[in-house]
1. Return the sequence-ordered ³J(HN,Hα) values of the stretch 34-49 in whole Hz as given by the Karplus equation 6.51 cos²θ - 1.76 cosθ + 1.60 applied to θ = phi - 60°, using x for Gly and Pro.
2. Kindly rank 96-104, 42-50, 8-16 from highest to lowest mean number of other beta carbons found within 10 Å of each residue.
3. With labels modelled as points extended 7 Å from the Cα through the Cβ direction, what inter-label distance (nm, one decimal) is found for SER94 paired with MET119?
4. Give the dimensionless ratio obtained when the Cα radius of gyration of the chain is divided by 2.2 N^0.38 Å.
5. Just from its helices, what would the mean residue ellipticity at 222 nm be for the chain, if runs of 4 or more DSSP H residues each count -39500 (n - 2.57) and the sum is divided by every residue, rounded to the nearest 500 deg cm²/dmol?
6. What is the set of long-range amide H partners of TRP54 at a cut-off below 5 Å, with H atoms built 1.01 Å from backbone N?
7. Which value, in debye to the nearest 20, describes the size of the charge dipole of the chain about its Cα centre when Lys and Arg Cβ atoms bear +1, Asp and Glu Cβ atoms bear -1, and nothing else is charged?
8. Pop out the ³J(HN,Hα) list for the stretch 113-122 in order, Karplus 6.51 cos²θ - 1.76 cosθ + 1.60 with θ = phi - 60°, rounded to Hz; leave Gly and Pro as x.
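What follows draws every value from the coordinates through simple rules; no lab data is involved. Keep in mind that what you see is a predicted model, and the values were worked out from it rather than measured. Virtual Cβ from ideal backbone geometry, glycine too; neighbours counted across all protein chains shown.
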Amino acid sequence: MTIRFTSDVQAQCFERVKTWLEELYPTVSQPFASLPVLSVALGSAIATVEVMAWGESDAIITTASFVVTEAEITKDLMEYLLMQNAECQFGVFSLDDLGNIRLHSTLVGSSCDRQKLDMAVTSVLAVADYYDDQIVAVWGGQRGLDRLAGHASTS
């Protein structure tokens, strides 16, 4: 199955990103054969790097990590995440519509180079790897790697 791209610029950007990631990280995989998404792991964190079209003339590169799933979402946790956002150099914490805690960063494809991609991906992975343990210890839930291991054992 081939990847479905919506523009030539998106396809070109994905190929550059894939080449750079394969040079930078030994753990790169492509979890979905038909989507422009790559996966990278570090410690207990897993990040996806997705290349999306941004109109006809550019692309957006989003690095995202499920930091913790199934945590108890409390006012204290929300305040904690907002305070940590002020400390993050690359990436911000957010909640998805299921209450999963994510960390994500976005780069513009046309201005992205190997060094910027490396800094964004490494930062998201390092921050997610650090904060997953902190969050689980106080608010419960599962780290990204734990969640993936649980899905693998039930498949």
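1. After applying 6.51 cos²θ - 1.76 cosθ + 1.60, I find 9, 10, x, 10, 10, 10, 9, 10, 8, x, 9, 10, 10, 10, 9, 10 Hz.
2. Numbers: 96-104: 16.6, 42-50: 21.2, 8-16: 18.1.
The densest-packed peptide leads the list: 42-50, 8-16, 96-104.
3. Once both label points are built, they end up 2.2 nm from each other.
4. Numbers: Rg = 15.8 Å, N = 155, 2.2 N^0.38 = 15.0 Å.
Against the compact-globule rule of thumb, the ratio is 1.06.
5. -14500 deg cm²/dmol
6. Sorted by chain and number, the residues that satisfy this are ALA59, ILE60.
7. Numbers: 9 positive and 20 negative charges, 49 e Å.
For the chain, the charge dipole is close to 240 debye.
8. Each residue's phi maps through the Karplus curve to give 10, 4, 5, 5, 4, 4, 5, 5, 5, 4 Hz.
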